[in-house]
1. Ordered by packing density, taken as the mean number of other Cβ atoms within 10 Å over each peptide's residues, highest first, how do 676-682, 491-497, 744-750 rank?
2. Looking only at the chain, where both bridge partners belong to it, what percent of the DSSP beta bridges are antiparallel (to the nearest 5)?
3. Which order, highest average first, do 804-814, 275-285, 473-483 follow once you tally other Cβ atoms within 10 Å for each residue and take the mean per peptide?
4. I want to make sure I understand the PRE zone here: with the label point 7 angstrom from the Cα of GLN567 toward its beta carbon, which residues in region 751-766 have backbone N atoms less than 19 Å away?
5. Using only the alpha-carbon atoms, how far is helix 427-438 inclined from the longest principal axis of the chain? Give it as 0 to 90 degrees, nearest 10.
6. In whole angstrom, how long is each semi-axis of the equivalent ellipsoid of region 787-939, when you take the square root of 5 times every eigenvalue of its Cα gyration tensor and sort them from largest down?
7. For region 512-661, count the residues as N, evaluate 2.2 N^0.38 Å, and divide the Cα radius of gyration by that value, please.
8. Say a paramagnetic label sat at a point 7 Å from the Cα of LYS690, along Cα to Cβ; which residues of region 481-499 have their backbone N under 12 Å from it?
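The values are calculated or read from the model by the stated rules, or taken from the named source; none is laboratory data. Predicted model, so just to flag it, every value in this text is computed and none were measured. FYI the Cβ positions are ideal-geometry reconstructions off the backbone, even for glycines, and counts take in every protein chain you see. For accessibility, only protein heavy atoms count, side chains too; no ligands or nucleic acids. Shrake-Rupley method; radii C 1.70, N 1.55, O 1.52, S 1.80 Å.
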Amino acid sequence: MLAVHLVSFYFSKLQEDPTKKVDRFLHAMRLNDDQICEISARFLAEMRKGLSSESNAAAAVKMLPTHVRSTPDGSEKGQFLALDLGGSKFKVLQVKVREGVGIRKGEVEMEEKIYPMPTELRTGTGAELFDHVSECLKEFLHEKKIDTKKKHPLAFTFSFPCEQPSLDQGFLLSWCKNFRVRGLQGKDVVRTLRDAISRAGEMDMEVLAMVNDTVATMMTCGFDDPYCEVGLIIGTGTNACYMEDMRHVDLIEGDEGRMCINTEWAGFGDDGALNDFTTEFDREVDAASSNPGKQVFEKMVSGMYLGELVRLVVLKMAKLGKLFDGHVSDALRTKGKITTADVAAMEEYRNGLKNTKDILMHLGLSPSHDDCIAVQHVSTIVSFRSSNLVAAGLSAILTRIRQNRNLRVLRVTVGVDGTVYKTHPQYPKRLHKVVRRLLPECHVRFVLSDSGSSKGAALVSAVAQRLTSQSRKVDEILSNFKLSEEQQQLVKDRMRAGLEAGLRSQGPFTIKMLPSFIFHKPNGKEHGKFLALDLGGTNFRALLVRFKKQKSRIYHKIYTIPLEIMQGTGEELFDHLAQCVCDFLDYMGVKNARLPTGFTFSFPCEQTAIDTGKLVTWTKGFNATDCEGHDVVGLLREAIKRRNDFDLDIVALINDTVGTMMSCAYEDPRCEIGLIAGTGTNLCYMEELKNIKKLHQKSGTAEKDQETPEVENGKETDRETRRSNMCINTEWGGLGDDGSLDNIITAFDTEVDQNSVNPGKQRFEKLTSGMYLGEIVRQVLLDLTRRGLLFRGHISECLKKPGIFETRYLSQIESDHLALLQVRSVLQKLGLDSTCHDSIIVKQVCGAVSRRAAQLCGAGMAAVVDKIRQNRGLDHLNITVGVDGALYKLHPHFSQILQETVKVLAPQCDVTFFPSEEGSGKGAALVAAVARQNQEMLT
Ligand code: BG6
Ligand code: BG6
Ligand code: GLC
Ligand code: GLC
């Protein structure tokens with residue numbers, strides 16, 4: 001009985017197919033379609049995790065944005081040097097790309113040389129590694145007789161995971177494969193390369209782009225195949241990249257177009273996601289690697305590990321007596337003794353078995369025929385699992401692309417490179433077959449990158465070079481708006497000279513320096529109910545102000561002035577104002593009160609008394625006829641009379657700067673300057689009467705003038721001190737009307753001036769105020785678009801429209817809190833269909849224009865405060881400025897730049913800026929209150 005058993009056992013052993021034994025032993029490595037699909041689904045989830053900004057930090061699959069936004073389109077051109085580091089070979093290359101020859105015409109010339117990369121450099125210091133790289137580059141230049149005097153653009157393929165804030169920066173996340181260089185993790189590798197190149201000397205390189213090998217491979221293949229949107233490496237390491245829709249790339253601003261994402265799928269499983277698929281052999285490979293716990297997926301897939309997996313399986317089987325009759329050789333126990341090349345050789349179609357036998361004998365083993373079959377089968381299972389895992393990852397990527405595009409059928413090409421794919425005889429076929437089986441709805445073409453990744457890296461660099469040269473051109477144009485400190489100082493000097501000339505009113509003068517007949521600031525004793533009208537800013541406002549015990553209560557209503565009224569007849573304009581006032585009085589229920597009224601009129605008026613003033617000239621957008629040269633108070637009174645349904649007692653006419661100063665002085669007695677940075681720009685300040693020469697010229701003597709009892713609120717005691725100053729409305733917007741700012745005025749400013757209602761006038765205002773900044777920006781954008789640097793060279797109807805950029809939009813665009821996407825949506829609201837790249841440029845333009853405006857205002861302010869300081873013979877002046885205007889209040893940077901400029905240009909003055917809360921209407925009411933007191937006193 002026993003004998004029968006022994007015989008049958010002997011026969012069963014004899015007859016057993018050696019592959020079955022291996023199948024059973026490696027059961028866990030044999031993946032069926034369900035398992036592949038499961039792995040694919042897990043990878044898809046990992047991709048989502050890596051793309052989202054919320055989960056990216058914890059994601060094992062890093063999904064790194066590459067800043068490569070398009071596959072080749074044939075427009076790339078140039079001659080590049082290239083470095084290729086991180087695969088099995090380190091190469092230096094020269095790549096020449098001719099314009100318009102890409103996409104199926106493929107004309108790229110390449111010369112390459114492989115240089116050694118000794119093991120000690122792979123594990124040495126970063127400086128040693130990159131010094132070697134630079135020396136090889138230098139040698140290459142000499143050998144190929146490339147001019148070392150010239151600057152050469154350089155493309156850099158670096159096949160390790162790097163976080164890239166831009167195309168020419170890459171912070172190394174970790175080393176992998178057979179590299180473990182000290183001191184580079186977390187550092188910018190491009191910078192390290194640049195430093196090493198300059199250490200090496202004798203060459204001038206501009207590193208334009210650093211790209212991962214997957215990206216470079218996708219670009220290489222994309223040069224000939226427009227459907228190529230995936231790059232795949234199955235070499236020493238493994239990885240894949242693909243074109244993702246920007247709206248899903250949380251880590252980068254913007255949502256239009258696509259960006260290539262380097263998945264770094266090697267890290268799939270580092271968080272345990274593949275634990276139920278890893279075997280004891282995987283764990284052993286991992287434990288013996290230079291980066292345990294890392295690159296779990298890569299260690300199951302790539303060339304660096306396949307041979308080792310086979311060795312560990314064979315060793316274990318031998319130890320268990322399942323191979324070589326239990327015999328184990330020293331070589332079989334030694335790490336690295338079976339390579340991926342051996343795996344490929346064992347699976348060769350015809351010679352596979354013979355190769356297997358040779359390899360095993362070379363390891364000091366004496367394999368039987370069945371041993372050879374079994375070991376060959378181990379190889380097959382290990383490499384098949386590798387291609388199945390790649391198929392799972394690739395299927396996830398293709399599924400994602402198909403879902404992104406909402407396509408039923410996806411046609412796509414995958415560019416592939418790497419020694420395993422290129423040298424393993426069965427690998428490509430198996431991979432293609434599984435992918436096509438899993439994704440019948442995808443028409444996938446696999447293209448082998450025949451020229452390595454440097455061609456692709458050069459193509460990326462060509463695009464980078466074009467963008468760099470474009471952004472240089474933009475910078476060059478915007479440099480026209482940059483003011484050096486000397487230029488700012490010069491503006492300050494010109495402003496000072498302008499102020500003095502205006503006070504003298506002699507010779508040609510551009511700054512009008514209009515007396516306001518306000519001799520002092522409010523004293524807090526004002527009381528009663530007043531009406532204030534406020535014309536000249538963004539809107540017309542009517543206000544009812546009540547002062548009581550140093551407190552004020554304000555009721556107001558805003559009215560818009562239509563353009564046709566601003567630029568119609570004077571009668572129409574003032575009738576419209578009277579209509580608005582009538583409405584307001586009705587609204588407030590005070591129509592019959594004949595309230596004392598202060599009229600803020602934000603235009604230059606030649607005043608001879610507090611309640612009368614002739615409009616010198618319209619400014620900003622106003623241009624109503626028959627007003628210039630007329631008393632505007634009279635015009636308003638006539639309009640009210642024409643209606644004959646209410647009456648006002650207009651007791652004061654003031655400029656908005658004066659109103660603002662008065663309003664702020666009510667709160668802060670040190671306020672002696674009023675500044676408007678709004679639709680227009682202007683400033684008033686308290687000037688010493690003795691300096692206002694033109695007042696003396698007109699009225700005979702200063703003394704006589706000081707007796708003018710226009711605004712005096714009672715107390716006789718300090719009459720003399722109060723009467724020693726008068727507020728002057730500078731009308732500084734006119735600086736430069738004599739050409740004194742020509743050295744800073746750009747062609748864009750000239751264009752804006754020429755298109756305005758008052759060409760040649762208010763040149764300073766046209767460089768600094770809300771009404772014009774948007775127009776300057778528009779002119780620059782038009783120019784950039786004409787040069788093809790913006791909006792794809794297309795000038796839209798919207799961009800042709802004057803006035804599209806109101807101050808509030810400028811302020812929004814420049815806001816630091818606004819993401820690029822929101823800037824884009826502001827632009828889109830304005831009708832400008834911009835890409836994110838366009839939005840960056842528009843923001844830059846706005847920044848350049850508004851910065852100059854703030855600096856110019858600051859220079860003007862510095863001139864004024866220094867003048868006041870010198871008037872008073874002080875070494876140091878403390879002073880407060882009341883400020884109003886949408887530009888000052890709404891713009892995110894204007895006020896800060898203005899204040900910084902004043903600090904630099906007037907270091908002996910401490911200037912406090914006090915934003916006016918209530919507008920200048922309250923100031924007008926205050927002036928009215930004082931004027932009314934005086935009237936009462938006189939009667
Ligand atoms: C080459 C690329 O063609 O493929 C390398 O130029 C890349 O940068 C390599 O890393 C991947 O293959 P391997 O087998 O050399 O790691
Ligand atoms: C307001 C004043 O507060 O500021 C107006 O009351 C003035 O008279 C205005 O013209 C300036 O700002 P903007 O931005 O409206 O021109
Ligand atoms: C490794 C690297 C990756 C590279 C791949 C193929 O996985 O991390 O960046 O693409 O190897 O070379
Ligand atoms: C214009 C006006 C001026 C006004 C300023 C601010 O420059 O001429 O009077 O103060 O705008 O509104």
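1. Ranking the peptides 676-682, 491-497, 744-750 by packing returns 676-682, 491-497, 744-750.
2. On the way: 63 of 111 bridges.
Around 55 percent antiparallel, to the nearest 5.
3. The most tightly packed comes first, giving 804-814, 275-285, 473-483.
4. 751-763, 766
5. 60
6. 40, 22, 12
7. Compactness ratio reported: 1.00.
8. No residues fall inside that zone.
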